[in-house]
Amino acid sequence: MASSTVDQSQVARNGLREKVLTLNSMNPRVRRVEYAVRGPIVQRALELEQELRQGVKKPFTEVIRANIGDAQAMGQRPITFLRQVLALCVNPDLLNSPNFPDDAKKRAERILQACGGHSLGAYSISSGIQLIREDVAQYIERRDGGIPADPHNVFLSAGASDAIVTVLKLLVAGEGHTRTGVLIPIPQYPLYSATLAELGMVQVDYYLDEERAWALDVAELHRALYQARDHCCPRALCVINPGNPTGQVQTRECIEAVIRFAFQERLFLLADEVYQDNVYAVGSQFHSFKKVLMEMGPPYAVQQELASFHSTSKGYMGECGFRGGYVEVVNMDPAVQQQMLKLMSVRLCPPVPGQAMLDLVVSPPAPTDPSFMQFQAERQAVLAELAAKARLTEQVFSEAPGISCNPVQGAMYSFPRVQLPPRAVQRAQELGLAPDMFFCLCLLEETGICVVPGSGFGQREGTYHFRMTILPPLEKLQLLLEKLTRFHAKFTLEYS
Amino acid sequence: MQRAAALVRRGCGPRTPGSWGRNQSSVAAEASAVLKVRPERSRRERILTLESMNPQVKAVEYAVRGPIVLKAGEIELELQRGIKKPFTEVIRANIGDAQAMGQQPITFLRQVMALCTYPNLLDSPSFPEDAKKRARRILQACGGNSLGSYSASQGVNCIREDVAAYITRRDGGVPADPDNIYLTTGASDGISTILKILVSGGGKSRTGVMIPIPQYPLYSAVISELDAIQVNYYLDEENCWALNVNELRRAVQEAKDHCDPKVLCIINPGNPTGQVQSRKCIEDVIHFAWEEKLFLLADEVYQDNVYSPDCRFHSFKKVLYEMGPEYSSNVELASFHSTSKGYMGECGYRGGYMEVVNLHPEIKGQLVKLLSVRLCPPVSGQAAMDIVVNPPVPGEESFEQFSREKESVLGNLAKKAKLTEDLFNQVPGIHCNPLQGAMYAFPRIFLPAKAVEAAQAHQMAPDMFYCMKLLEETGICVVPGSGFGQREGTYHFRMTILPPVEKLKTVLQKVKDFHINFLEKYA
């Protein structure tokens, strides 16, 4: 039973039979799935870490995982209040402890009252604990300046990814020329391409405009859509705002234009807004699709179908491991909404600790609460540091010859463009690698810095990028940026 | 138009029929009416409708949270609003959720979880040292020493090692490799993922998946969603729901006509049926899978719930290994476990794992790739799983209390299993097979012809009709056998044994009274 790397000829020799489940017999759609954020370069990073542990000498002493938007893994501290309330929920005996503030205890009691058997261990209803759905609805209303949100339209999920996949599943239909097409931004967060591949939907790329800080251009949406109609039936449009990997924060005008476009062209809108708390650039502001939609009035407000997503993984919380999230659906067909609930019910419910975590995110301490000051201080510190790191990154990359970096207006990443000399491109091709993958692998081998090549997110033909998080602590980030730019200069020289 | 817009902005668009906004619906109606007045502004057809949506999703059914449960929810809300009913509360005996029915979590487990959640508590004198040790070990294995980081997609390494060690101990030394362990978001996640990878082909070569009837309807739901072919094999009710290999053979032969049977799913101990397979039976099944080249899925989430003194849990992994190399090197197997059942009842944590055996290395790579798209299972669930597989041992400070709590829960469940079986068998027109394991009774109910007719008049399955009446008259919510599958012309329902003993006795009495009345009414 120990795993072994047995090839087919060895199988034949040993008298082992051909397996039931092989690359040839498996689900072909699953085979086509790719997810670069945890793809081959990360596997190589793991191997290198292993080698370091075994004492193998390397030009570096640690591998820096700048590939994934996991703030706490890079040393960001959890928000105290969130963990206090959760600990009280997990172990209610602590409600008698003098070491927890009263407001934390009150929150915990409130959450537990809403749980089956007053325990986080009971299943919740499939759309999530009713009380928490109500709190989410109120959060949305506050965020959107009073525009109402109906708790019945809020569905909690195991991270935003879970809800995004569920909504996309609903949209699958047709075959051949009538197969559902889904417009996604290029560059994109590769959950989208992976899910479309798995579901056998048609991926329809629309390019963000690198020359204009990754702006979304409706003319480009038109271009993509009309070309797509040749071979599929486009039914949905995905927008990531703030953007991942690109970090742009859409202007209100842009969002209105997108909504008008979706309405005219009959596209279901998916708005991935998990970075709504991560806006750094002066002059940038987060506008929720829901708010803009409602403010546009009829016919848009009453007819445009929209699903908006949020998560506990990003923002100032960084609670990735809890898998907390929600989707708010607007103008969804009630019968379809019931179908969505049915689909969710097969998996019973989202993780209840994640639901509790989400509750605290959407209803944090109020100014009159004892925990407010510490909460605010911690939150501001995280966001301020992220903003500083965004600026630093942008600055260092912009000053490096051969590297250009659009403003990191929001989210958690830089997505700089790198010039690669033709000989490097050639070498990459000889090795059967995308040129930016080749660059990133070399970077990893020489410096221990793990970033994800732009080819994993999509980019215009002939351009090369990589995505790096801004999450390492400030001093470490400074060092990383210097190492990286030095490496790029060296690489350029080497392949000139 | 202004008026309609204002109404809409107050959040009064057309709504899902349901309890929220009953008093809003008239406003909504007003809004809709106003909107309808101007035809050029009337609602156009939505993009996403029942007709245009994914037909496979439409085909999915999941009775455990299906129509009867929705009805129970409505009735609960009516009770809350003070509407008079023949009962004062709805008893949710539809779902295997022990803590919702009052079972207490295991103290040690929650202590370790609290320490992991808020590590400041590691300095607190109120927590035993063995709990702190476990917490530190888990946290050290987490990114940034925090439950808040994503873990590797396969799960936290040291937890996978602990799971492998657990399996090895459980199976009397039969080795388990941590590399073959995948932590999952409940067992359902793992089952769904493996089935996804297995489904391929088209038309007559579409993958067929053999499932027991009666089954836990996750299987039929996933098969529907994946557009795979469901191949039913019937458990033998006359024989305590035994699995008969001849029936497996019958099923697979018939299936070969119209699909490519590739997968055989076993639930042991059984859900809803509660039977615990004998070792001989498991060997026969493995041999059959080997003969027919079927990938085996062994759903073993109730492995800690065995009550009958004549029964023992035998893991498929162990039996496979002990059958010798021809089997143990060839048969592909995936076994599943969870934190939701057993003595833990930690359903809300969504903790689980699968152990794969003899998977092609390239498939394992594909599996990790697929899992990576969803990043990782909830880390708190992984931590819960760790404590389940790595509980206090004799000599440790927490061992006594832990043992006591565990025995108490399991003893209680065993008592309730016997009680339920006995009570049901005293009712004329109900026959209940022994509850050897799991958490459910699945009694057969003999319905008079008139009742069946009445059901058909209401366009309901006869046992759904029965269960709806039971719900409306007693507040007891159980799931009709039609939701799990049963032989044509037979009727059942699944009820959990989870309410506290005294309440369970009351519930059983009420069901008895209802049943007798029902028989009289439809005589």
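Points to keep in mind about this one:
- Those residues of segment B:345-360 which are at the interface with chain A (Cβ under 8 Å from one of its Cβ atoms) and within 22 Å of the chain's Cα centre (by Cα), in sequence order: B:GLY345, B:GLU346, B:CYS347, B:GLY348, B:TYR349, B:ARG350
- Only one of the listed residues (A:GLY146, A:GLY181) is over 22 Å from the mean Cα position of the chain (by Cα) and outside any helix (DSSP H, G or I). That residue is A:GLY146.
- Any hit, segment A:44-51, residues being outside the structural domain of A:LYS314 (by the TED database), in contact (Cβ under 8 Å) with a residue 60 or more places away in the chain, under 24 Å from A:PRO367 (Cβ atoms) and not in a loop (DSSP other than H, G, I, E, B): no
- Selected residue (criterion: surrounded by the fewest Cβ atoms within 10 Å (Cβ to Cβ)) from residues of segment A:125-151 that are farther than 16 Å from A:LEU360 by Cα and touching a residue at least 60 places away in the same chain (Cβ under 8 Å): A:GLY145
- Leading residue by the ranking (surrounded by the fewest Cβ atoms within 10 Å (Cβ to Cβ)) among those in segment A:164-185 that are of a type in the set (Val, Ile, Thr) and touching a strand residue (DSSP E or B) at 6+ places or on another chain (Cβ under 8 Å): A:THR178
- Selection from segment A:415-439 of residues that are small (Gly, Ala, Ser) and either touching a Gly at 6+ places or on another chain (Cβ under 7 Å) or assigned to a helix (DSSP H, G or I) (or both): A:ALA424, A:ALA428
- Annotation note: of B:THR107, B:THR88, the sole residue that is of a type in the set (Ser, Thr, Tyr), within 24 Å of B:VAL163 (Cα to Cα) and surrounded by fewer than 19 Cβ atoms within 10 Å (Cβ to Cβ) is B:THR107.
- The residues on offer are B:LYS369, B:LYS415, B:LYS341, and the sole one that is of a type in the set (Lys, Arg), closer than 22 Å to B:VAL301 by Cα and within 12 Å of chain A (Cβ to nearest Cβ) is B:LYS341.
- Among residues of segment B:116-135, those that are in contact (Cβ under 8 Å) with a residue 24 or more places away in the chain and either within 9 Å of another protein chain (Cβ to nearest Cβ) or closer than 19 Å to A:GLU49 by Cβ (or both), counted: 3
- Index of the failed condition, B:ILE363 passing every other in (1) in a helix (DSSP H, G or I); (2) at the interface with chain A (Cβ under 8 Å from one of its Cβ atoms); (3) closer than 17 Å to B:LEU183 by Cβ: (3)
- Screening A:VAL408, A:VAL452, A:VAL361 for residues that are in contact with a Phe, Trp or Tyr (Cβ under 7 Å, 6 or more places away or on another chain), within 14 Å of chain B (Cβ to nearest Cβ) and crowded, with 16+ Cβ neighbours inside 10 Å leaves exactly one candidate, A:VAL452.
- Residues of segment A:330-347 satisfying the condition of being more than 30 Å from A:GLN72 (Cα to Cα) and outside any loop (DSSP other than H, G, I, E, B): A:VAL330, A:PRO334, A:ALA335, A:VAL336, A:GLN337, A:GLN338, A:GLN339, A:MET340, A:LEU341, A:LYS342, A:LEU343, A:SER345
- Considering (1) crowded, with 23+ Cβ neighbours inside 10 Å; (2) not in a loop (DSSP other than H, G, I, E, B), the lone condition that B:ASN517 does not fulfil carries the number (1).
- Count of segment A:286-313 residues which are facing another protein chain (nearest Cβ under 7 Å) and part of a helix (DSSP H, G or I): 4
- Any chance A:TYR316 is touching a Lys or Arg at 6+ places or on another chain (Cβ under 6 Å), of a type in the set (Phe, Trp, Tyr) and not in a helix (DSSP H, G or I): yes
Okay, residues lined up against (1) part of a helix (DSSP H, G or I); (2) in contact with a Lys or Arg (Cβ under 9 Å, 6 or more places away or on another chain); (3) small (Gly, Ala, Ser); (4) buried (at least 23 other Cβ atoms within 10 Å of the Cβ):
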site: B:GLU61; (1), (2), (3), (4): no, yes, no, no
site: B:ILE75; (1), (2), (3), (4): yes, yes, no, no
site: B:ILE83; (1), (2), (3), (4): no, no, no, no
site: B:ALA100; (1), (2), (3), (4): yes, yes, yes, yes
site: B:VAL112; (1), (2), (3), (4): yes, yes, no, yes
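- Failed item in (1) assigned to a helix (DSSP H, G or I); (2) within 24 Å of B:SER338 (Cα to Cα); (3) more than 10 Å from every other protein chain (Cβ to nearest Cβ), with A:LEU156 passing the rest: (1)
- Output for segment A:348-366, where each listed residue is outside any helix (DSSP H, G or I) and either over 23 Å from A:LYS314 (Cα atoms) or touching a residue at least 60 places away in the same chain (Cβ under 8 Å) (or both): A:LEU348, A:CYS349, A:PRO350, A:PRO351, A:SER363, A:PRO364, A:PRO365
- Applying the criterion of being at the interface with another protein chain (Cβ under 9 Å from one of its Cβ atoms) and of a type in the set (A, V, I, L, M) to the residues of segment A:35-51, the residue that is farthest from B:LEU367 (Cα to Cα) is A:LEU46.
- Residue check, A:GLY121 in a loop (DSSP other than H, G, I, E, B), at positive phi and not assigned by the TED database to the domain that holds A:VAL37: no
- Residues being within 21 Å of the chain's Cα centre (by Cα), in a helix (DSSP H, G or I) and surrounded by fewer than 23 Cβ atoms within 10 Å (Cβ to Cβ) - total across segment A:196-237: 4
- Looking only at residues in segment A:330-354 that are β-branched (Val, Ile, Thr) and within 30 Å of A:PRO298 (Cα to Cα), the one that is farthest from the other protein chains (Cβ to nearest Cβ) is A:VAL330.
- Within segment A:20-34, residues that are more than 7 Å from chain B (Cβ to nearest Cβ) have Cβ atoms under 8 Å from residues that are surrounded by 18 or more Cβ atoms within 10 Å (Cβ to Cβ) and small (Gly, Ala, Ser) in these pairs: A:ARG29/A:ALA197; A:ARG32/A:ALA197; A:GLU34/A:SER193; A:GLU34/A:ALA194; A:GLU34/A:ALA197; A:GLU34/A:GLY456, counting only partners at least 6 apart in sequence or on another chain.
- Residue tally, condition outside any helix (DSSP H, G or I) and either over 18 Å from A:ARG323 (Cα atoms) or at the interface with chain A (Cβ under 7 Å from one of its Cβ atoms) (or both), over segment B:377-404: 10
- When residues of segment B:278-321 are limited to those that are outside any helix (DSSP H, G or I) and among the hydroxyl-bearing types (Ser, Thr, Tyr), the one nearest to B:ALA414 (Cα to Cα): B:TYR307
- Exactly one residue out of B:VAL379, B:VAL373, B:VAL388, B:VAL356 is in contact with a Leu (Cβ under 9 Å, 6 or more places away or on another chain), over 19 Å from B:GLU161 (Cβ atoms) and crowded, with 20+ Cβ neighbours inside 10 Å, and it is B:VAL373.
- Going through (1) within 7 Å of chain A (Cβ to nearest Cβ); (2) buried (at least 18 other Cβ atoms within 10 Å of the Cβ); (3) closer than 30 Å to B:MET460 by Cα one by one, B:GLY66 falls short only on (1).
The values are calculated or read from the model by the stated rules, or taken from the named source; none is laboratory data. It should be emphasised that the depicted structure is a prediction, and the values quoted were computed from it without experimental measurement. Positions of Cβ are generated from backbone atoms using ideal geometry, with glycine treated the same way; all protein chains shown enter the neighbour counts.
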